[in-house]
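Q: Next up is a structure, given as structure tokens.
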Amino acid sequence: MIPLKLVLRNFMCYGDPGPSLALEGIHLACLSGKNGEGKSALLDAMTWALWGEARAKSDDDLIHFGRGEMEVEMEFAVGAERYRVLRKHLRGSLKRPGRTLLELQQAVDNSYKSLTGNNLRETQQKLIGLLRMDYDTFINSAFLLQGRADAFTIKNPAERKEVLARILGLSDWDRLEVQAKVLAKEKEDEAHNLRLAMEEIEEELGRREGYEAQVSSLEATLNEWEEALRAQENAIAALRDRERDLERKGQQLKEIEARIAQAEREKAYWQSQTQELGRKIEEDEALLVQRPWVAAGYEEFLTLRRRDEELKAVLAQSLELTQRLREVERQIDEARAELTAQVRVLKTSIQELERQAGREASLATELKRAQTHSNTMPSLEEEHKRNKERVEELANHTQYLRSTNLRLKEDMRELKEKVDLLAGADPRCPLCQGELGIPERERIRARYEAEGRTKAQTYRANETQIAVEEGKRRDLERDLALVEEKLHGCRVAQDRIPALERDLTEAQKARDELLEARARLQEIEARLTRADYAPAQQEEARSLAQGLQALGYDKQKHEVVERRLREVAEFEEKKRRLEEADRLLPQNRASWAQAQEAVARWQATIDADIQGLKEIEKELLALPGLRGQREGAQRYYDELWASREADKKNLMAFQLKLEECACLEVEREGKAVAWHRAQEDAGIYRELEVAFSRKGVQALIIEAALPEIEAEANRLLARMTDNRMGLKMESQRQTQRGETRETLDIKIGDEWGTRPYELYSGGEAFRINFALRIALSKLLARRAGAPLPTLIIDEGFGTQDGMGREKLVEAINAIHDD
């Protein structure tokens with residue numbers, strides 16, 4: 001991976017973000033500057049862009065002061081392919097958490113093709129797969145973080161071995177081990193299941209002789225059942241024929257009963273006809289006796305009906321005139337109501353116009369005042385802009401001073417620790433373990449103390465400046481609030497000007513309309529007073545009233561005629577009945593005689609059918625017993641049939657068992673072959689599980705890699721220490737019980753012998769760490785599929801004396817071609 005170009009936007013960096021940083025074509029580079037000027041921030045940007053990891057505890061801490069979001073864009077190459085990654089983070093708040101966006105692209109011709117996944121996790125996994133390493137592997141090999149150069153050395157042996165395994169790509173062997181274990185378990189389960197299946201087959205084959213005996217016995221029994229069923233079928237058929245004969249007799253019985261019922265209904269009908277005709281004959285004879293009285297009543301009815309029709313004609317004319325009179329009176333009322341409504345509307349309009357016209361003077365005054373406020377806005381806005389810019393400048397400078405003091409405080413602490421170390425009685429330098437005389441020690445301590453006092457003076461001056469600028473900023477913020485309040489009032493006044501101008505125009509217009517409305521009101525009130533409305537309708541109403549008076553309709557006389565007409569209306573029906581009696585009386589007497597003959601005829605039919613019915617009923621008395629015999633015979637037949645079917649099913653079941661036994665013999669041979677093959681495969685997979693484990697091939701790979709790491713690390717250590725130091729890495733050690741345990745111990749030796757890593761000075765420890773990390777980086781670079789021709793060292797020279805720095809630079813120059 002070769003970083004080519006890096007672009008930061010609002011990333012944690014002192015000062016404004018600069019242009020993009022292009023590293024393409026640069027072979028060896030040194031980023032130099034004072035503490036806090038952003039050198040490590042550039043390296044944080046690289047790791048954050050690729051893995052989302054940096055030195056900060058959270059992504060929000062990486063955002064530049066005063067900003068709400070940040071973005072890093074990085075272009076890099078993997079082999080011959082170029083890629084671009086864009087990572088953006090939005091600062092969180094109390095209501096919502098922070099949010100990170102990640103996009104991955106590949107260069108194709110002169111553009112980029114998106115490789116971004118469906119979510120952040122998926123895209124990050126694609127990026128790690130592309131780089132062939134995660135963040136922890138990177139910072140333990142090719143990236144010496146500031147203050148964490150010993151990240152690999154201080155790990156425990158198990159963690160060191162884990163890092164080395166990731167660098168060597170041994171995770172593939174772990175996956176193979178898991179896969180071999182799963183396959184071995186599957187084959188063992190398969191062999192177990194096959195063995196159980198073969199045992200079940202043997203058990204089933206042992207029952208074959210019993211199945212054959214059952215088949216012979218059931219075949220003989222079925223022949224006996226067939227003979228018994230045929231005999232019973234014949235007996236049932238004879239009983240069913242006799243039963244059908246009696247059932248036909250029963251059907252004849254029902255038909256006779258139906259004929260008797262029909263004859264009874266016919267006889268009853270003719271009897272009712274005889275009675276009804278007799279009653280009508282009596283009524284008609286009685287009505288013919290009242291002929292004179294009915295004729296007189298009918299004549300009075302006709303006279304009253306003619307008089308009622310004449311009065312109804314007069315009533316219709318009267319109602320028509322009355323309805324028209326009401327319609328004309330309604331039109332007159334509507335005309336008067338319309339004028340009255342116009343009066344109410346004009347009075348309401350006059351009140352509104354008087355109110356609007358009365359606001360003319362106050363609106364003019366308010367408009368003039370709003371225009372005056374609006375004219376002062378430009379000067380206030382300029383003052384507001386100057387104060388706001390000054391507040392932001394003071395806030396940014398105060399933040400810069402605080403950050404500077406944090407670094408000064410840390411520097412003073414480190415200087416005090418160095419002075420305390422020099423105050424000891426040990427004649428050797430506590431940092432490099434070299435011989436150090438008292439004058440030299442005092443001179444160094446004095447230089448450290450002077451440097452500490454200078455930093456302390458700067459620290460106090462910065463604190464004083466912070467207090468002064470904080471006071472100025474508070475004063476400016478108060479002034480800014482006052483100006484904002486005035487600006488708000490001016491904006492409100494400016495927004496009110498169009499409405500005030502519109503309201504003033506409306507008030508002036510209302511003043512002119514008021515005079516017209518008052519004149520119109522006076523005119524309409526005068527018309528109402530003299531009833532000057534709907535003249536044609538008023539004239540028509542007078543004419544209609546005269547017509548009603550000329551008709552002279554008397555309602556009381558009409559009601560007397562109607563009441564008497566209702567009393568004599570019955571004579572119309574009596575007259576019709578009298579005429580009908582004259583016509584129908586001879587016919588009804590003839591029909592009565594015919595009905596009497598029909599009653600006698602139907603009674604004779606009923607008597608003959610009753611006699612036939614009694615004879616059939618005697619024969620049907622034997623039907624229930626016969627039906628019981630047939631049902632009993634059928635039940636016995638069903639029992640015989642069920643027994644035969646049960647034995648037939650048993651026979652088929654045993655025959656199927658014999659066929660299954662023949663198939664099982666073939667299946668047993670196939671399962672025996674599969675069982676032997678599954679056992680062999682399970683043994684092979686168990687051997688592969690051990691071979692792929694960390695005690696197998698992985699241990700051999702690590703053993704093979706350790707000499708290469710030792711050789712490279714010792715080559716660099718020899719160059720940096722004039723052949724005084726060397727290290728050895730051991731992957732196994734003996735326990736107190738004499739057992740061999742997997743480990744990854746680092747043993748360091750010099751001209752004084754072998755000592756623990758913790759007893760070496762800071763400069764010596766860094767050189768050890770540097771040598772190991774370079775060896776790991778070269779191993780990672782040569783690892784198949786993960787080229788890494790990049791090494792990053794963040795402030796590794798601070799612990800070195802002059803000679804140590806020269807040796808370290810010489811070592812870097814010696815490996816920079818790699």
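Q: Report yes if Asp59 is modelled with pLDDT of 80 or more and open to solvent by 20 Å² or more (accessible area, probe 1.4 Å), otherwise no. Steps first, please.
A: Numbers: modelled with pLDDT of 80 or more: yes; open to solvent by 20 Å² or more (accessible area, probe 1.4 Å): yes.
Criteria met by Asp59.
Q: Name the residues in segment 697-726 that are closer than 24 Å to Gly763 by Cα, part of a helix (DSSP H, G or I) and of a type in the set (D, E, K, R), would you?
A: Restricting attention to segment 697-726, the residues satisfying the condition of being closer than 24 Å to Gly763 by Cα are 709-726.
Going one step further and asking which of them are part of a helix (DSSP H, G or I), we end up with 709-721.
Residues satisfying the conditions are Glu710, Glu712, Arg715, Arg719.
Q: Continuing with this model, one more query. For segment 442-457, name all the residues that are surrounded by 14 or more Cβ atoms within 10 Å (Cβ to Cβ) and of a type outside the set (Asp, Glu).
A: Kept after step one, since they are surrounded by 14 or more Cβ atoms within 10 Å (Cβ to Cβ), are these residues of segment 442-457: 444-445, 448-449, 451-452, 455-456.
Of everything in segment 442-457, those that are surrounded by 14 or more Cβ atoms within 10 Å (Cβ to Cβ) and of a type outside the set (Asp, Glu) turn out to be Ile444, Arg445, Tyr448, Gly452, Lys455, Ala456.
Q: Which residue pairs have Cβ atoms closer than 9 Å, lie 6 or more positions apart in sequence or on different chains, and pair a first residue in segment 54-66 that is aromatic (Phe, Trp, Tyr) with a second residue that is assigned to a loop (DSSP other than H, G, I, E, B) and open to solvent by 50 Å² or more (accessible area, probe 1.4 Å)?
A: As it stands, the answer is Phe65/Met12, since those pairs meet every condition given.
Q: Being in a helix (DSSP H, G or I), touching a helix residue (DSSP H, G or I) at 6+ places or on another chain (Cβ under 9 Å) and open to solvent by 40 Å² or more (accessible area, probe 1.4 Å) is true for just one of Glu329, Glu338. Which residue is that?
A: Being in a helix (DSSP H, G or I), touching a helix residue (DSSP H, G or I) at 6+ places or on another chain (Cβ under 9 Å) and open to solvent by 40 Å² or more (accessible area, probe 1.4 Å) holds for just one of Glu329, Glu338, which is Glu329.
Q: Would you confirm whether any residue within segment 72-85 is more than 21 Å from Ala395 (Cα to Cα), free of Cβ contacts under 8 Å to residues at least 40 places away in the same chain, out of contact with any His (no Cβ under 6 Å at 6 or more places or on another chain) and not in a loop (DSSP other than H, G, I, E, B)?
A: Our first condition is that a residue be more than 21 Å from Ala395 (Cα to Cα); within segment 72-85, this holds for 72-85.
With the extra rule that they be free of Cβ contacts under 8 Å to residues at least 40 places away in the same chain, the set shrinks to 80-81, 84.
In the following step, the residues that additionally are out of contact with any His (no Cβ under 6 Å at 6 or more places or on another chain) were identified as 80-81, 84.
If we keep only those that are not in a loop (DSSP other than H, G, I, E, B) too, we end up with 81, 84.
Within segment 72-85 (the criterion being more than 21 Å from Ala395 (Cα to Cα), free of Cβ contacts under 8 Å to residues at least 40 places away in the same chain, out of contact with any His (no Cβ under 6 Å at 6 or more places or on another chain) and not in a loop (DSSP other than H, G, I, E, B)), the answer is yes, since at least one residue qualifies.
Q: Looking only at segment 117-135, which residues are of a type outside the set (D, E, K, R), outside any helix (DSSP H, G or I) and either modelled with pLDDT of 90 or more or open to solvent by 70 Å² or more (accessible area, probe 1.4 Å) (or both)? Step through it out loud before you land on a result.
A: We begin by selecting, within segment 117-135, every residue of a type outside the set (D, E, K, R); these are 117-120, 123-125, 127-131, 133, 135.
Remaining after also requiring outside any helix (DSSP H, G or I): 117-119, 133.
Asn118, Asn119 - these are the residues of segment 117-135 that are of a type outside the set (D, E, K, R), outside any helix (DSSP H, G or I) and either modelled with pLDDT of 90 or more or open to solvent by 70 Å² or more (accessible area, probe 1.4 Å) (or both).
Q: Mind telling me which of the residues Thr348, Thr365, Thr404, Thr376 ends up being touching a residue at least 60 places away in the same chain (Cβ under 8 Å), hydroxyl-bearing (Ser, Thr, Tyr) and farther than 30 Å from Asn35 by Cβ? If you could, list the steps in order and put the result at the bottom.
A: Values: Thr348 fails: touching a residue at least 60 places away in the same chain (Cβ under 8 Å); Thr365 fails: touching a residue at least 60 places away in the same chain (Cβ under 8 Å); Thr404 fails: farther than 30 Å from Asn35 by Cβ.
Sole residue among the options that is touching a residue at least 60 places away in the same chain (Cβ under 8 Å), hydroxyl-bearing (Ser, Thr, Tyr) and farther than 30 Å from Asn35 by Cβ: Thr376.
Q: Where residues in segment 534-546 are at pLDDT below 80 and among the small types (Gly, Ala, Ser), which of them is most open to solvent (accessible area, probe 1.4 Å)?
A: Residue satisfying both the conditions and the ranking: Ala545.
Q: Could I ask something else about it? Residue check: is Thr100 touching a helix residue (DSSP H, G or I) at 6+ places or on another chain (Cβ under 8 Å) and either over 18 Å from Ala45 (Cα atoms) or part of a helix (DSSP H, G or I) (or both)? First the steps, then the outcome.
A: Working: touching a helix residue (DSSP H, G or I) at 6+ places or on another chain (Cβ under 8 Å): yes; either over 18 Å from Ala45 (Cα atoms) or part of a helix (DSSP H, G or I) (or both): no.
So Thr100 fails the test.
Q: Let me confirm something: among Ala357, Ala364, which residue is under 30 Å from Arg502 (Cβ atoms), in contact with a Lys or Arg (Cβ under 8 Å, 6 or more places away or on another chain) and either at pLDDT 80 or above or of a type outside the set (Phe, Trp, Tyr) (or both)? Walk me through it before giving the result.
A: Numbers: Ala364 fails: in contact with a Lys or Arg (Cβ under 8 Å, 6 or more places away or on another chain).
Of Ala357, Ala364, the one residue that is under 30 Å from Arg502 (Cβ atoms), in contact with a Lys or Arg (Cβ under 8 Å, 6 or more places away or on another chain) and either at pLDDT 80 or above or of a type outside the set (Phe, Trp, Tyr) (or both) is Ala357.
Q: In addition: With the requirement that a residue be among the hydroxyl-bearing types (Ser, Thr, Tyr), in contact with a strand residue (DSSP E or B) (Cβ under 8 Å, 6 or more places away or on another chain) and open to solvent by 40 Å² or more (accessible area, probe 1.4 Å), what does segment 20-56 give you? Give the derivation first.
A: Within segment 20-56, the subset among the hydroxyl-bearing types (Ser, Thr, Tyr) is 20, 32, 40, 47.
Among the residues that remain, those that are also in contact with a strand residue (DSSP E or B) (Cβ under 8 Å, 6 or more places away or on another chain) are: 20, 47.
Listed by number, the list holds a single entry, Ser20.
Conditions tested, residue by residue: (1) under 30 Å from Leu656 (Cβ atoms); (2) touching a Pro at 6+ places or on another chain (Cβ under 6 Å); (3) open to solvent by 60 Å² or more (accessible area, probe 1.4 Å); (4) not in a helix (DSSP H, G or I).
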| residue | (1), (2), (3), (4) |
| --- | --- |
| Thr221 | yes, no, no, no |
| Arg265 | no, no, yes, no |
| Asp284 | no, no, no, no |
| Trp293 | no, no, yes, no |
| Leu304 | no, no, no, no |
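Q: Quick one: count up the residues across segment 704-729 that are under 57 Å from the mean Cα position of the chain (by Cα), under 21 Å from Val809 (Cα atoms) and open to solvent by less than 10 Å² (accessible area, probe 1.4 Å).
A: Total meeting the criteria: 2.
Q: Out of all the residues in segment 556-563, is one or more open to solvent by 40 Å² or more (accessible area, probe 1.4 Å), over 30 Å from Val345 (Cβ atoms) and outside any helix (DSSP H, G or I)? Even if it seems obvious, please write down each step before you answer.
A: Filtering segment 556-563 for residues open to solvent by 40 Å² or more (accessible area, probe 1.4 Å) gives 556-557, 559-560, 562-563.
Pick out the ones that are also over 30 Å from Val345 (Cβ atoms) and you get 556-557, 559-560, 562-563.
Okay, now just the ones that are also outside any helix (DSSP H, G or I), so none.
Scanning segment 556-563 turns up no residue that is open to solvent by 40 Å² or more (accessible area, probe 1.4 Å), over 30 Å from Val345 (Cβ atoms) and outside any helix (DSSP H, G or I).
Q: Go through segment 571-601 and count every residue that is open to solvent by 70 Å² or more (accessible area, probe 1.4 Å) and either in contact (Cβ under 8 Å) with a residue 24 or more places away in the chain or basic (Lys, Arg) (or both). Don't jump to the end; show me each part of the working.
A: Let us first name the residues in segment 571-601 that are open to solvent by 70 Å² or more (accessible area, probe 1.4 Å), namely 572-573, 576, 579, 582-583, 586-587, 589, 592, 594, 596-597, 601.
Now restrict to residues that are either in contact (Cβ under 8 Å) with a residue 24 or more places away in the chain or basic (Lys, Arg) (or both): 572, 576, 582-583, 589, 592, 596, 601.
Looking only at that region, the number is 8.
Q: While we're looking at this one, here's another question. Scan segment 460-492 for residues that are more than 51 Å from the chain's Cα centre (by Cα) and open to solvent by less than 60 Å² (accessible area, probe 1.4 Å) and jot them down.
A: Applying the first criterion (more than 51 Å from the chain's Cα centre (by Cα)) to segment 460-492 yields 460-469, 471-472, 475.
Correct list: Ala461, Asn462, Ile466, Glu469, Gly471.
The values are calculated or read from the model by the stated rules, or taken from the named source; none is laboratory data. Just so it is clear, the structure is predicted and the values come from calculations on it, not from any experiment. A quick note on method: Cβ atoms are made from the backbone with ideal geometry, for glycine too, and the neighbour counts reach across all protein chains shown. Ligands, DNA and RNA are excluded from the accessible area calculation, which covers all protein heavy atoms including side chains. Shrake-Rupley method; radii C 1.70, N 1.55, O 1.52, S 1.80 Å.
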